[in-house]
Each structure stands twice: as structure tokens, then as C-alpha cells.
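Since the structure comes first, as C-alpha cells, the remarks are kept for the end.
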Amino acid sequence: MQIRTLAATVALALAGSAGALEIQLPPETATYKPSELPGYQLVQRNCMTCHAAQYASSQPPASPRAYWEATVKKMKKPFGAQFDDADVPAMVDYLVKTYGAERGAAVPAAVAKPVAAAVTTASGKDVKTLLAANGCMACHALDQKVVGPGFAEVAARYKGKDGVVAVAANIRSGGSGKWGPVPMPPFSQLSETDAAALAKYVLNR
């Protein structure tokens, strides 16, 4: 009888401690390998909203272009990643030349130059256009957490005269650990003006 009582006591103690167990994941620090290829910025923007950069580096290094194309397309359908079909070729080109069978392939000068030009195409657009063009609403909502915090929560934390500067800097530099383990990719392609416009919109929620 005493053995049964002891066993029951131990079981209850273990159950109670299991309920209180909390696992804290370390912040994400991995990044995609920088490149002059146009697909680098697209991958930064579109892929890290859902998974870590290790996903690409953990794929078989001999993977051909067809493998990467199938992988990128799989992320959109059936998994529902929010990027344009027009982005796929450039993303695949970056991935196969950085992590796959075409590693070390030279970057043509004619391809490398449009990256800088693409950075400026968003200038002068209204905030809703900027939100859509950069996939902001894939990870954020106005008043609730999705992948990242809701805009209202960000506004509450950064309320004050320097809030726009801080939020704009966070948008352009990205980071992790501020809102949990899921990283926010950098949106360095945004001009300071556009980043400030987005920051003002967020802080006015």
C-alpha cells in the first residue's frame, strides 16, 4: 500500500513539473549569404518570414536548378508563401548559385546592376503600396500577433518622439530577439524615406 501511495505521489509531482516546463529557444542569428544577384534581396525578403536561413544551407550541395525551382514553387503552393511568380526565377538563380550545383558561377555585370535600381523603385509610393510590395502583412496584422507582433503592439512599445526613427531603423536592419525567436529579415532595399513612412503608419495604429 505504501509503495502504491509513493508511486502516485511521484506521478503527481512529475505531472505538475511537466506542466510548468517552459522551453526558451535561442534567437535566430543565421543569414543568407550576401550576393550581387538580384535574387538575394528577394530571398531575404520572402523566405525568412517563414523559416531560418539554415533551410537553404542544409539542402544537398549538388542540387540542380530544377530542384531549387521545385522547392521555391512548393513554398508558394501548397505552403502559401506570399511572393510573386515573377520573383521565382531570380530566387532560384540565387539559391542554385549560392547553395546548389552552380556554386561559384560568375555574376554577369548586366545582372548585378539592376539590384541598385530595384532599391529605388518603391520611392514615392503610398504606404499601402509599400506594405504590399514588401510583404509586410504576411507576418503582421494591425492589432494581433501573426508571425511578428501586431502594429498596435509595436506602437505601444515605441510610443514617443524617437519612435519613428527606431522603428524605421528596425525595418531596414531587421533583427531577432525583440519579439521572440522568429527573426525579421532586413529590408535594406527600402530608402530611409520609405522606411520612415512605414514606421509612421505602424505607430499611428
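The values are calculated or read from the model by the stated rules, or taken from the named source; none is laboratory data. Just so you know, these numbers come straight off a predicted model, no measurement behind them. Virtual Cβ from ideal backbone geometry, glycine too; neighbours counted across all protein chains shown. Surface areas here come from the heavy atoms of the whole protein model, side chains and all, with no ligands, DNA or RNA. Shrake-Rupley method; radii C 1.70, N 1.55, O 1.52, S 1.80 Å.
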*Output the residues belonging to the range 142-158 that are among the basic types (Lys, Arg) and closer than 11 Å to residue 202 by Cβ.*
157
*asked:* Contact list please: Cβ distance under 7 Å, first residue in the range 152-168 and β-branched (Val, Ile, Thr), second residue part of a loop (DSSP other than H, G, I, E, B) and surrounded by fewer than 18 Cβ atoms within 10 Å (Cβ to Cβ), pairs at least six apart or on different chains.
replied: 167/158
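Which of the residues that make up the range 152-189 are among the small types (Gly, Ala, Ser) and open to solvent by 30 Å² or more (accessible area, probe 1.4 Å)?
Step one: filter the range 152-189 for residues among the small types (Gly, Ala, Ser), giving 152, 155-156, 160, 163, 166, 168-169, 173-177, 180, 188.
Of everything in the range 152-189, those that are among the small types (Gly, Ala, Ser) and open to solvent by 30 Å² or more (accessible area, probe 1.4 Å) turn out to be 152, 156, 160, 166, 169, 173, 175, 176, 177, 188.
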*asked:* Between 73, 33, which is within 30 Å of residue 178 (Cα to Cα) and either open to solvent by less than 100 Å² (accessible area, probe 1.4 Å) or modelled with pLDDT of 75 or more (or both)?
replied: 33
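Listed here are the residues, each with its yes/no results for (1) in contact with a Phe, Trp or Tyr (Cβ under 8 Å, 6 or more places away or on another chain); (2) free of Cβ contacts under 8 Å to residues at least 24 places away in the same chain; (3) in a loop (DSSP other than H, G, I, E, B).
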| position | (1), (2), (3) |
| --- | --- |
| 128 | no, yes, no |
| 149 | yes, no, yes |
| 177 | no, no, yes |
| 187 | no, no, yes |
| 193 | no, no, no |
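Please state which one of 110, 81, 101 is of a type in the set (Gly, Ala, Ser), at pLDDT below 90 and part of a helix (DSSP H, G or I). So that I can check it myself, show each step before the final result.
Values: 81 fails: part of a helix (DSSP H, G or I); 101 fails: part of a helix (DSSP H, G or I).
After applying the criteria, what remains is 110.
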*the range 55-65, residues that are surrounded by 12 or more Cβ atoms within 10 Å (Cβ to Cβ) and out of contact with any Leu (no Cβ under 8 Å at 6 or more places or on another chain)*: 55, 57, 59, 63, 64, 65
*Going through the range 113-149 one residue at a time, which ones are more than 23 Å from the chain's Cα centre (by Cα) and modelled with pLDDT of 50 or more?*
124
*Within the set of pairs 6+ apart or on separate chains, which have a first residue in the range 81-93 that is without any contact (Cβ under 8 Å) to a residue 24 or more places away in the chain, a second that is open to solvent by 90 Å² or more (accessible area, probe 1.4 Å) and assigned to a helix (DSSP H, G or I), and C-beta atoms under 7 Å apart?*
88/73
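Under the condition of being of a type outside the set (A, V, I, L, M) and part of a helix (DSSP H, G or I), which residue from the range 84-97 is surrounded by the most Cβ atoms within 10 Å (Cβ to Cβ)?
If we take residues in the range 84-97 being of a type outside the set (A, V, I, L, M) and part of a helix (DSSP H, G or I), then 94 is surrounded by the most Cβ atoms within 10 Å (Cβ to Cβ).
Which residues, taken from the range 157-175, are in a loop (DSSP other than H, G, I, E, B) and in contact with a strand residue (DSSP E or B) (Cβ under 8 Å, 6 or more places away or on another chain)?
In the first step, residues of the range 157-175 are kept if they are in a loop (DSSP other than H, G, I, E, B); the result is 158-162, 174.
Of everything in the range 157-175, just one residue is in a loop (DSSP other than H, G, I, E, B) and in contact with a strand residue (DSSP E or B) (Cβ under 8 Å, 6 or more places away or on another chain), namely 174.
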